[in-house]
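*Asks:* Mind looking over this structure? Questions follow.
The values are calculated or read from the model by the stated rules, or taken from the named source; none is laboratory data. Predicted, not measured: the structure shown is a model, and the values here were computed from it. Note that we place each Cβ from the backbone using ideal geometry, even for glycine, and neighbour counts take in every protein chain shown. Note: areas computed on protein heavy atoms with side chains; ligands, DNA, RNA excluded. Shrake-Rupley method; radii C 1.70, N 1.55, O 1.52, S 1.80 Å.
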Amino acid sequence: MTGLGVAHLTALELAPARLVREARHAGFSAVGLRLHPVMAGALAYPVAAGSQAMRELRAVLAGEGVRVRDIEFVSLTAQTRVADYQALLAAGAELGALSLTVSGDDEDVARLTGNFAALCEMARDHGLRVDLEFMRWRPVATVQQACAVVTGAGQANSGVLVDALHLFRSGGQVADIAAVDPRLLRAVQLCDAPMLAPAEALIIPEAREGRLLLGQGQLPLAALLAALPGDVDISVEVPCAGLPPEHRLQAAAQVTHAWLHGRRQLSPAVQVAGHS
């Protein structure tokens, strides 16, 4: 066991340094950082490579013994200019991040695949992987569509991020994960939820603030983990309105560690990895 990561969305109201401290106090050893907004005007915490803010954040990471698993979030649209993300990748590299998370928001699959490939090529120069996350409400909505883009791009430093909620809300099943080339599956974000999806208008709110802790819903999470490669990076993404962020992190760490410990015999090769 090499540590458990937590996605920034779990406590997005906490700026990076505070998130790192609170995550470590809760029991996490890796974090994801929202350095770029998911959409214009959305909350994010940009930090420039080589800046005083970067030096301070790196000092906090080192002092707490926490690593940055991924940086986020880039939406690949029809208007995307890959060169615009050079500074973001440089910041991720200075933080020691493993990957950059992106979504597919371009209906033109050929153009999307080309932009994804170009971003991977630029990320390679910074020692970063690029993970494509599928979501029901985006053009890249399913694991099959994400795998098609990643395969089409043909970049070794690329992968598919499987978010448990997005998998099942997009109509996916554990069998769909088992059918994927394991080399494409690099990371998973865990949460729980009812098996029955909410009304369509509530799909996005559920994903952004209505997730459940592991074991509080009905998603087949143990089967999902067993179907994933043994070296997959595991993190928790459980934004939940109504709880203070510190309590959210503590509950997420405690419940997830207990849940994983109780199911480790299902797939002994699975590592609880914040950074591998």
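*Asks:* In segment 183-205, what residues are of a type in the set (V, I, T) and either surrounded by fewer than 12 Cβ atoms within 10 Å (Cβ to Cβ) or in contact with a Phe, Trp or Tyr (Cβ under 7 Å, 6 or more places away or on another chain) (or both)? Before you say what the answer is, go through the steps one by one.
*Replies:* Our first condition is that a residue be of a type in the set (V, I, T); within segment 183-205, this holds for 188, 203-204.
Across segment 183-205, the qualifying residues are I203, I204.
*Asks:* Here's a follow-up. Can you find, within segment 24-51, the residue that is modelled with the lowest pLDDT among those that are over 18 Å from the mean Cα position of the chain (by Cα) and exposed (fewer than 14 other Cβ atoms within 10 Å of the Cβ)?
*Replies:* Per the stated criteria, the residue is A40.
*Asks:* If we keep just the residues of segment 142-154 that are touching a Gly at 6+ places or on another chain (Cβ under 9 Å) and under 17 Å from A179 (Cβ atoms), which is most open to solvent (accessible area, probe 1.4 Å)?
*Replies:* Filtering first and then ranking leaves Q144.
*Asks:* Here are S235, S170: which of them is polar (S, T, N, Q) and either surrounded by fewer than 20 Cβ atoms within 10 Å (Cβ to Cβ) or within 19 Å of A30 (Cβ to Cβ) (or both)? Quick ask: steps written out before the conclusion?
*Replies:* On the way: S170 fails: either surrounded by fewer than 20 Cβ atoms within 10 Å (Cβ to Cβ) or within 19 Å of A30 (Cβ to Cβ) (or both).
Testing whether each residue is polar (S, T, N, Q) and either surrounded by fewer than 20 Cβ atoms within 10 Å (Cβ to Cβ) or within 19 Å of A30 (Cβ to Cβ) (or both) leaves just S235.
*Asks:* Something else now. Quick test of your reading of the structure: T2 fulfils all but one of (1) open to solvent by 10 Å² or more (accessible area, probe 1.4 Å); (2) in contact with a His (Cβ under 8 Å, 6 or more places away or on another chain); (3) modelled with pLDDT of 95 or more. Name the failing condition by number.
*Replies:* Every condition holds for T2 apart from (3).
*Asks:* Of the numbered conditions (1) open to solvent by 30 Å² or more (accessible area, probe 1.4 Å); (2) more than 18 Å from the chain's Cα centre (by Cα), V180 satisfies every one except a single condition; which is it?
*Replies:* It fails just one condition, (1).
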